[in-house]
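The values are calculated or read from the model by the stated rules, or taken from the named source; none is laboratory data. Since the model is a prediction, treat every value here as computed from it, not as a measurement. Because the Cβ atoms are built from the backbone with ideal geometry, glycine has one as well, and the counts that use them run over all protein chains shown. Please note that ligands, DNA and RNA were not included when accessible areas were found on the heavy atoms of the full protein model with its side chains. Shrake-Rupley method; radii C 1.70, N 1.55, O 1.52, S 1.80 Å.
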Amino acid sequence: MFHPLFCFKVALLGITRNNINVAEDVGHAQVCVAVETSSMECPLDYPFDVQVRTIDYSAVSPDNFTAQKMTLTFPPCTPSLCVNITINDDSTLEKEEVFNVLLDLDGGASEHNITLVKNKTMVVIMDNDVDVVLELESVFVEVFEDEDASLCA
């Protein structure tokens, strides 16, 4: 029989999706953080903190999104938490823009046997603005002797 002091859970913590694609007009990107252990019912029976922050890349705050630097507190027996990051819609025709979301554990994570396995994801903001293309029918100019030029379609 095992003594309870020698039985402990090892927890794996990380962002649930590799890349998050979001249309600019949706309003937010949802980033979820999950903890996994061998116990499906209650991953960890104590609270712990995770630091979440955004990093500019081709998308920059505050123009394209609202920067975040926050602490997520996982209550006991909570398998996942999500953060909504505000995406700012504009009317500029542009290419896809990217920013990163990073996780860090507080100092007590090692004593709780929490291992950070996926600490970064990329958020891709896809532009929703439409490129307007005008198509003209053929245009020709007729010039008659002793008359001004006229356009005919």
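Overview of results
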{"item": "Portion, in percent, of the accessible area of segment 44-119 that falls on carbon or sulfur, probe 1.4 Å", "result": "49"}
{"item": "Solvent exposure, largest accessible area first (probe 1.4 Å, DNA, RNA and ligands not counted), of S61, S91", "result": "S91, S61"}
{"item": "Backbone HN-Hα couplings from phi across segment 95-104 [Karplus 6.51/-1.76/1.60, Hz, Gly and Pro as x]", "result": "7, 4, 10, 10, 9, 10, 10, 10, 10, 9"}
{"item": "Accessible area per residue, Å², segment 55-114 with all protein chains present, probe 1.4 Å", "result": "56"}
{"item": "D129/N21 FRET efficiency (R0 22 Å; Cβ-Cβ; nearest 0.05)", "result": "0.85"}
